[in-house]
Amino acid sequence: MRLKLTIAYDGRPYEGWQSQVGNNTVQDHLKEALALTAKEPVALLGSGRTDAGVHALAQTAHFDAPEHLTMNPYNWVPALNTKLPATIRVLACEEVAADFHARFSATAKVYRYDLCTDPVLSPFKAGLAWHVPRLLDADVLQQALHVFTGRHDFQGFAANRGNETPDTDWHRTISAAELEARPDGYRITWCGDGFMYKMVRLMTGAAVHTSQGRMRLDDLAKLLDQPPGLPFGKSPLCAPSDGLYLQEVRYGS
């Protein structure tokens with residue numbers, strides 16, 4: 001039985017999603033909970049990585065339940081949550097088709113980024129929003145976000161992992177980049193068919209940079225669809241992980 005998990009987590013205590021040396025990632029903790037429940041190691045595959053400090057409202061992952069376990073999918077939720085830190089929670093578990101893949105079956109991802117523009121950042125927002133007390137122009141911010149919509153070469157908005165090749169495809173499609181006013185600032189929502197390493201943070205940083213008058217809109221646009229060699233360079237500002245949330249992973253049309 002292949003099972004799909006929907007997972008929420010506060011990213012502050014962890015070194016991101018992807019398993020690594022030190023065993024303090026979200027995936028590491030989930031794999032440990034799965035092994036304790038199944039009494040054997042269980043492979044767990046996520047929809048994609050989130051960086052250290054990045055949060056998730058609905059990350060997805062899948063695993064194949066060992067054949068000797070006949071537990072109902074619903075019962076995996078409490079079984080795993082009792083073994084997980086309070087800052088990681090399995091929200092749902094459902095049976096999916098045998099060919100479902102949390103990463104490769106995904107058709108779109110939605111991220112949100114919270115900005116706090118209050119003069120003083122509330123201690124209850126620390127690590128959960130980017131504090132931007134310097135004045136920004138919301139109209140310009142919306143125009144900057146619109147620059148990213150459509151299909152573009154986003155190499156200027158992607159950090160290198162070290163595994164890039166000359167054939168790496170830097171093209172992605174952003175179907176929505178929306179701005180919402182909040183009582184303490186703004187929320188940016190990004191929807192796209194995929195996002196590269198630190199891409200959301202680099203786009204957000206550049207858009208905020210522009211809204212504060214530190215970059216012209218036409219200079220921002222030049223960072224997209226650049227010829228080889230990136231003559232205009234990369235996005236000048238990577239927003240911190242604090243305000244970034246993986247909101248949804250979409251499957252199907």
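By the gyration tensor of its Cα atoms, with a ≥ b ≥ c the square roots of the eigenvalues, what is the shape of segment 39-168: rounded for a/c under 1.5, prolate for a/b over b/c, or oblate? Mind dumping the intermediate values first?
Details: a/c = 2.60, a/b = 1.54, b/c = 1.69.
Verdict is oblate for segment 39-168.
I need the shape label for segment 1-97. Rule: rounded when a/c is under 1.5, else prolate if a/b > b/c, else oblate, with a, b, c from the alpha carbon gyration tensor.
The shape class here is prolate.
Identify the residues of segment 135-159 with backbone N under 12 Å of a label point that sits 7 angstrom from the Cα of LEU230 along the Cα-to-Cβ direction, or state none.
Flagged as within label range: 154-159.
Taking the full set of protein chains and a 1.4 angstrom probe, give the accessible area of MET196 in square angstrom, rounded to the nearest 10.
Rounded to the nearest 10, that gives 30 Å².
Using a 10 angstrom cutoff on alpha carbons, build the Gaussian network for the chain and name the most mobile of ARG201, ARG134, ARG112.
ARG134
Can you compute the FRET efficiency between ARG214 and GLU67 using 1/(1 + (r/R0)^6), with r the Cβ-Cβ distance and R0 = 51 Å? Round to the nearest 0.05.
Numbers: r = 58 Å, r/R0 = 1.14.
Computed FRET efficiency for ARG214 and GLU67: 0.30.
Where in segment 212-236 does the amide nitrogen come within less than 15 Å of the point 7 Å from the Cα of TRP170, taken along Cα to Cβ?
Residues 220-236 fall inside that zone.
Throw me the Rg/Rh for segment 147-197, computed over C-alpha atoms with Kirkwood Rh, two decimals. Intermediate results must be reported in sequence, preceding the final value.
On the way: Rg = 13.7 Å, Rh = 12.6 Å.
Answer for segment 147-197: 1.09.
What's the local net charge at GLY11, with K and R +1, D and E -1, over the other residues with C-beta under 11 Å away? Walk me through the numbers before you get to the answer.
On the way: positive: ARG12; negative: ASP10, GLU15, ASP51, ASP242.
It works out to a net charge of -3.
Compute the semi-axes of the equivalent ellipsoid of segment 110-253, taking the square root of 5 times each eigenvalue of the Cα gyration tensor, and list them largest first in whole Å.
Numbers: eigenvalues 125, 61, 40 Å².
Square roots of five times the eigenvalues give 25, 18, 14 Å.
Over the heavy atoms of THR117, what accessible area does a 1.4 Å probe trace out, to the nearest 10 Å²?
Taking all protein chains as shown, THR117 has close to 40 Å².
I'd like the GluC sites (Glu not before Pro) in segment 24-112 restricted to DSSP loop residues with at most 12 other Cβ atoms within 10 Å, sorted by number. Mind showing how you got there, number by number?
Details: sites: GLU32, GLU67, GLU94, GLU95; in loops: GLU67.
Those that pass, being in a loop and sparsely packed, are GLU67.
Need the list of aspartates and glutamates near LYS109 for cross-linking: C-alpha distance under 17 angstrom, and skip anything on the same chain fewer than eight residues off.
Within the straight-line cut-off, LYS109 pairs with ASP51, GLU178, ASP193, GLU248.
With a/c under 1.5 counting as rounded, go ahead and sort segment 179-229 into rounded, prolate or oblate using the C-alpha gyration tensor (a ≥ b ≥ c being the square roots of the eigenvalues; past the cut-off, prolate if a/b is larger than b/c, else oblate).
Working: a/c = 2.67, a/b = 1.34, b/c = 2.00.
Oblate, because a/c is 1.5 or more while a/b does not exceed b/c.
Pairs of alpha-carbon atoms within less than 8 angstrom and 6+ residues apart define the contacts here; what relative contact order does segment 31-175 have, in percent?
On the way: 116 pairs, mean separation 23.9, N = 145.
Reported relative contact order: 16 percent.
Please tell me which of these pairs span more than 20 angstrom C-alpha to C-alpha: LYS4/LYS83; LYS125/LYS198; LYS39/LYS83? Don't skip to the answer; put the middle values down first.
Values: LYS4/LYS83 18 Å; LYS125/LYS198 22 Å; LYS39/LYS83 13 Å.
Over 20 Å apart, Cα to Cα: LYS125/LYS198.
Working from Cα positions, state the angle (0 to 90°, nearest 10) between the long axis of helix 138-147 and the longest principal axis of the chain.
Compared with the principal axis, the helix lies near 70 degrees.
Only Lys, Arg, Asp and Glu count, each charged at its Cβ (+1, +1, -1, -1), so figure out the dipole size of the chain about its Cα centre, rounded to 20 debye.
Numbers: 25 positive and 28 negative charges, 62 e Å.
My answer is approximately 300 debye.
Suppose we keep just the alpha-carbon trace of segment 195-253; what are its Rg and Dmax in angstrom?
Rg and Dmax of segment 195-253, Cα atoms, are 13.5, 40 Å.
Between SER122 and ASN163, take the C-beta separation as r, use R0 = 45 Å, and let me know the FRET efficiency to the nearest 0.05.
Here the calculated transfer efficiency is 0.70.
Determine the gain in length on full extension of the stretch GLU178-LEU36; use 0.36 nm per residue of separation and subtract their C-alpha separation, reporting nm with one decimal. Mind dumping the intermediate values first?
On the way: separation 142, 0.36 × 142 = 51.12 nm, distance 4.18 nm.
Taking 0.36 nm per residue and subtracting the Cα distance, the gain is 46.9 nm.
Do you know the relative contact order of segment 104-187, to the nearest whole percent, from alpha carbon pairs under 8 angstrom that are 6+ apart?
Working: 76 pairs, mean separation 30.1, N = 84.
RCO, segment 104-187: 36 percent.
At a threshold of 8 angstrom on Cα-Cα distance, excluding pairs fewer than six apart, so keeping six or more, what relative contact order does the chain reach in percent?
25 percent
How large is Rg/Rh for segment 101-188, to two decimals, with Cα atoms and a Kirkwood Rh?
Values: Rg = 16.4 Å, Rh = 15.7 Å.
Using Cα coordinates only, the ratio equals 1.04.
State the three equivalent ellipsoid semi-axes of the chain, derived from the C-alpha gyration tensor as the square roots of 5 times its eigenvalues, in descending order and whole Å.
Working from the Cα gyration tensor, I get semi-axes of 35, 21, 15 Å.
Could I have the simple spin-label model distance between ASP153 and GLN20, label points 7 Å from Cα toward Cβ, reported in nm to one decimal?
2.9 nm
The values are calculated or read from the model by the stated rules, or taken from the named source; none is laboratory data. This one's a predicted model, so the numbers in the text were calculated from it and none came from an experiment. Note that each Cβ is placed from the backbone with ideal geometry, even for glycine, and that neighbours are counted across all protein chains shown. Keep in mind that these areas ignore ligands, DNA and RNA; they rest on the heavy atoms of the full protein, side chains included. Shrake-Rupley method; radii C 1.70, N 1.55, O 1.52, S 1.80 Å.
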